[in-house]
Amino acid sequence: MRVTVFGIGYVGLVQAAALAEAGHDVLCVDVDAAKVENLRQGIVPIFEPGLEALVRENHAEGRLTFTTNAEEAVAFAAIQIIAVGTPPGEDGSADMKYVVAVAETIGRLMDEPKTVVTKSTVPVGTGDRIAEAIAEVLEARGQSDLVVRIVSNPEFLKEGSAVADCLKPDRIIVGSSDPEAIALMRELYAPFNRNHEKMIVMALRSAEFTKYAANCMLASRISFMNEMANLAELMDADIEQVRQGIGSDPRIGYHFIYPGIGYGGSCFPKDVSAMIHAAETVGYTPLMLHAVDARNRAQKSVLFDKVQRHFGGNLAGKRFALWGLAFKANTDDMREASSRVIMEALWAAGASVQAFDPEAMSQCQEIYGQRDDLLLCGTKEAALRGADALLIATEWKNFRAPSFDTIRETLTSPLIFDGRNLYDPAVVARYGIEYVSIGRQVAGARQA
Ligand SMILES: NC(=O)c1ccc[n+]([C@@H]2O[C@H](COP(=O)([O-])OP(=O)(O)OC[C@H]3O[C@@H](n4cnc5c(N)ncnc54)[C@H](O)[C@@H]3O)[C@@H](O)[C@H]2O)c1
Ligand SMILES: O=c1ccn([C@@H]2O[C@H](COP(=O)(O)OP(=O)(O)O[C@H]3O[C@H](CO)[C@@H](O)[C@H](O)[C@H]3O)[C@@H](O)[C@H]2O)c(=O)[nH]1
């Protein structure tokens with residue numbers, strides 16, 4: 001089948017590459033000419049495990065192509081997938097301007113029936129808005145008789161495992177009441193649906209809602225565990241033991257109950273805010289979502305607060321090693337990363353940062369530019385040199401079994417503040433290093 005994908009970001013590019021890998025002919029269109037030109041030369045703009053090879057192979061074999069030409073893109077296929085950004089507006093609502101712009105483009109340029117599939121995360125009712133936007137343009141062109149089918153097909157990939165998530169999806173949500181559109185979606189996703197039935201067909205608005213409900217649920221689990229971790233600390237319990245204790249209940253499970261320094265990324269913070277905004281628009285006060293969001297905002301400062309307490313509130317002139325800049329492991333993405341809150345608080349207090357991340361260094365450079373209080377180091381060991389303590393902000397595998405001897409010998413004082421609970425406190429203590437983490441107990445002593 002032929003498919004057009006609007007937007008070559010994390011979602012558009014990975015999904016396009018997965019569809020091409022399954023044998024479809026996919027044309028990706030983006031307004032960013034540099035991105036398109038780079039991709040034509042095999043340069044992938046983001047770090048995502050397995051993506052570069054998938055893009056290069058499918059591009060070389062002619063199934064995955066790139067353009068900035070919207071006319072070519074609309075003419076290319078009966079299926080038009082929208083995967084452009086839906087960033088937060090100033091009031092927390094999801095900004096639909098890119099989605100609506102694509103809808104208008106399709107309406108302006110189409111001259112045969114189209115099935116328009118929304119993969120971007122969009123508020124409930126957006127399907128109707130897209131249909132209206134296209135209908136208005138068609139009417140102005142005197143082409144109201146052209147058939148337009150609207151489908152909601154939200155994306156559930158996780159950054160860091162996006163390729164695997166798209167090649168082997170847990171579920172494929174299809175929101176539509178149009179039998180022809182549903183049949184087309186079945187054909188499109190048949191290669192991903194062989195093992196067992198993964199397609200869940202529902203009303204369009206329910207599909208749009210499902211995406212927000214999933215992200216709000218996952219965000220709630222994380223904020224809940226962070227609240228428990230903060231309490232465990234005050235009550236001399238160990239949250240890692242508690243995590244294992246509750247995770248063993250199959251009704252709870254082990255997924256998404258890691259406490260830490262809050263969730264970041266381009267999805268949870270913005271989608272929780274967008275759902276709060278949407279709820280208030282229909283006259284409902286979403287008490288739980290407000291609490292999830294408030295806990296997360298506060299949690300991002302918890303590690304800095306511990307550092308500040310430890311140094312008696314005086315951080316001026318201190319130097320800190322920071323391991324991890326990305327919002328999670330296996331990505332170069334720093335959108336809403338907890339590391340940013342920590343660095344900015346340290347700088348405001350007069351301290352400096354020596355940072356290392358396996359993939360996010362250039363993004364950090366782009367965000368903060370050259371500054372005297374930020375040194376980007378080539379290795380995690382280099383970041384330790386002359387630092388007063390080590391702070392850990394991202395759960396990279398590469399940080400899980402460091403040489404504690406090197407850490408002790410390279411820091412000016414043997415001290416770790418771990419925002420992701422990567423180590424066993426007893427092991428770290430054996431190396432003569434003071435260890436402060438989130439909600440854990442060190443030999444019965446209270447955390448800093
Ligand atoms: N990043 C994720 O992990 C993830 C996962 C699931 C869903 N989502 C949702 O998917 C959507 C896209 O997210 P993303 O992270 O891929 O965004 P992104 O910012 O990485 O990419 C969006 C792309 O759309 C392009 N674009 C903007 N206007 C365009 C237009 N008129 N025509 C063609 N291209 C245009 C931009 O240039 C950019 O390359 C969002 O709604 C997001 O919430 C994201
Ligand atoms: O137990 C956990 C799990 C995650 N996190 C943090 O939560 C954030 C988000 O992690 P994750 O969900 O793995 O990454 P995303 O790429 O943001 O993926 C989420 O957001 C996407 C965009 O909507 C959805 O498609 C995915 O299903 C959903 O998991 C990161 O900062 C993690 O460090 C925790 O603190 N504790």
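The values are calculated or read from the model by the stated rules, or taken from the named source; none is laboratory data. Since the model is a prediction, treat every value here as computed from it, not as a measurement. Cβ placement follows ideal geometry from the backbone for every residue including glycine, while neighbour counts extend to all protein chains displayed. Heads up: the accessible areas ignore ligands, DNA and RNA and are worked out on the full protein's heavy atoms, side chains in. Shrake-Rupley method; radii C 1.70, N 1.55, O 1.52, S 1.80 Å.
Odds and ends about this structure:
- Subset of the stretch 368-401 (residues that are surrounded by 14 or more Cβ atoms within 10 Å (Cβ to Cβ) and either assigned to a loop (DSSP other than H, G, I, E, B) or out of contact with any strand residue (DSSP E or B) (no Cβ under 8 Å at 6 or more places or on another chain) (or both)): 373, 377, 380, 381, 385, 387, 388, 393, 394, 395, 396, 398
- Scope the stretch 1-45; condition in a helix (DSSP H, G or I), open to solvent by 10 Å² or more (accessible area, probe 1.4 Å) and more than 20 Å from residue 267 (Cα to Cα); matching residues: 21, 33, 34, 35, 37, 38, 40
- Matching residues in the stretch 80-96 - criterion: being under 15 Å from the mean Cα position of the chain (by Cα) and part of a loop (DSSP other than H, G, I, E, B): 83, 84, 85, 86, 87
- Which listed residue, of 146, 138, 167, is out of contact with any strand residue (DSSP E or B) (no Cβ under 6 Å at 6 or more places or on another chain), over 21 Å from residue 115 (Cα atoms) and either away from ligand 1 (no atom under 12 Å from the Cβ) or of a type in the set (Phe, Trp, Tyr) (or both): 167
- Residue 344 free of Cβ contacts under 8 Å to residues at least 24 places away in the same chain, more than 22 Å from residue 387 (Cβ to Cβ) and part of a helix (DSSP H, G or I): no
- Looking across the stretch 194-209 at every residue that is surrounded by 20 or more Cβ atoms within 10 Å (Cβ to Cβ) and in contact with a strand residue (DSSP E or B) (Cβ under 6 Å, 6 or more places away or on another chain), the one that is nearest to residue 113 (Cα to Cα) is identified as 204.
- Qualifying residue in the stretch 243-256 (condition: within 16 Å of ligand 1 (Cβ to nearest atom) and under 20 Å from residue 342 (Cβ atoms)): no
- Filter result for residue 86 (more than 20 Å from residue 181 (Cβ to Cβ) and either open to solvent by 20 Å² or more (accessible area, probe 1.4 Å) or away from ligand 2 (no atom under 16 Å from the Cβ) (or both)): no
- Some residue of the stretch 315-335 being among the β-branched types (Val, Ile, Thr) and either more than 16 Å from ligand 1 (Cβ to nearest atom) or touching a helix residue (DSSP H, G or I) at 6+ places or on another chain (Cβ under 8 Å) (or both): no
- Checklist (1) surrounded by fewer than 23 Cβ atoms within 10 Å (Cβ to Cβ); (2) in contact with a Gly (Cβ under 6 Å, 6 or more places away or on another chain); (3) among the small types (Gly, Ala, Ser) applied to residue 144, failing item: (2)
- Index of the failed condition, residue 269 passing every other in (1) over 25 Å from residue 212 (Cα atoms); (2) not in a loop (DSSP other than H, G, I, E, B): (1)
- Helices (runs of 4 or more DSSP H) wholly inside the stretch 97-174 that include at least 2 residues being more than 30 Å from residue 54 (Cα to Cα) and more than 15 Å from ligand 2 (Cβ to nearest atom): 97-109, 126-140
- Residue 191 more than 12 Å from ligand 2 (Cβ to nearest atom), open to solvent by 50 Å² or more (accessible area, probe 1.4 Å), touching a helix residue (DSSP H, G or I) at 6+ places or on another chain (Cβ under 9 Å) and more than 22 Å from residue 298 (Cβ to Cβ): yes
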